[in-house]
Amino acid sequence: MPEKVPDMLPLKSTRQAILNAAGSLFARKGLDGTGIREIVKEAGTSLSSVNYHFTNKEGLYLACIRHIMEEKLDLPGLFGTLDTGVYATQQQVSDVMGYMIHRCLLALLGPGVPEWYGILMVRSRMDLHPKSSRALMRLEEPQKLRSFVLAHVPGLSESFVQYWYVNVMAQVQYYIMEREAVLIAFDLPRYDEAFLTDTACYMAESMTQILGLPAPDHRAVARRL
């Protein structure tokens, strides 16, 4: 069968096709376990197109992570709400945390979202590849959330907030990596918006309760989404 000629496609379409193919393969096999020719075949494009858009495999890997975190999750904007909002009351602090959880779950697991988005984010942490680890630390800015909690919830130690942060991330990762087990447990065919909203409400209430905050006002959070 003759190879497709992706260079006849618009540059944006070719780039997106490469990202989709590479992201799915990286999610299943990791950076080191995925070959560049495998990506080219899956994307139906040429090696020169990959080099043109991403320089090399490592550049493509980081582009897949940035595609999720910056374009889909909009993490810079999401974390930016911690800097730009007014959080004069404990309820306001709780509500912004509920908003962040809702946004993350819907962006990673919502209807129509490719499964590889969440899996790649988790896999990139598990693989501890130097390049992806540095990129994740820059993009996620996890210290910003921890600093926000320390500044707005009196009486907490840095070690307590670190444990809290790790546990919040572990909950999100469970719904990503154990999707089939969760669907069976709740007798669902797929994650839908209603289930993810209920899940986000539960997670937000548990994460704020541990900090001694009031439960988020879910109606206020919904209006903000």
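Throughout, read-outs are computed from the coordinates displayed, never taken from laboratory work. What you are looking at is a predicted structure, and each value in this text was computed from that prediction instead of being measured. Ideal geometry is used to build each Cβ from the backbone, glycine not excepted, and the neighbour counts take in all protein chains shown.
Results, tabulated for the structure shown:
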read-out	value
Dipole-positive endmost among Y202, F186, P111 within the chain (Cβ charges, Cα centre)	P111
Gain in span if fully extended, D127 to F160, counting 0.36 nm per residue against the direct Cα distance	9.3 nm
Spin-label model distance (nm) - D74 vs L150, 7 Å beyond Cα toward Cβ	2.9
Ellipsoid semi-axes in whole angstrom, largest first, where each is sqrt(5λ) of the Cα gyration tensor of segment 50-116	31, 15, 6
Rg over Rh [alpha-carbon atoms, Kirkwood Rh] for segment 73-224	0.95
Linear extension gain, E38 paired with R219, 0.36 nm per residue minus alpha-carbon span	60.5 nm
Nearest-0.05 FRET efficiency for S48 and N167, computed from C-beta distance (R0 41 Å)	0.35
Relative contact order, percent, the chain [alpha-carbon distance under 8 Å, six or more residues apart]	25
Charged-residue dipole, Cβ positions (Lys, Arg, Asp, Glu), segment 6-66 about Cα centre, Debye nearest 20	100
P(r) of segment 6-66 over all Cα-Cα pairs, binned every 5 Å from zero, in whole percent	4, 22, 38, 25, 9, 2
Using alpha-carbon coordinates, inclination of helix 11-29 to the longest axis of the chain, degrees	70
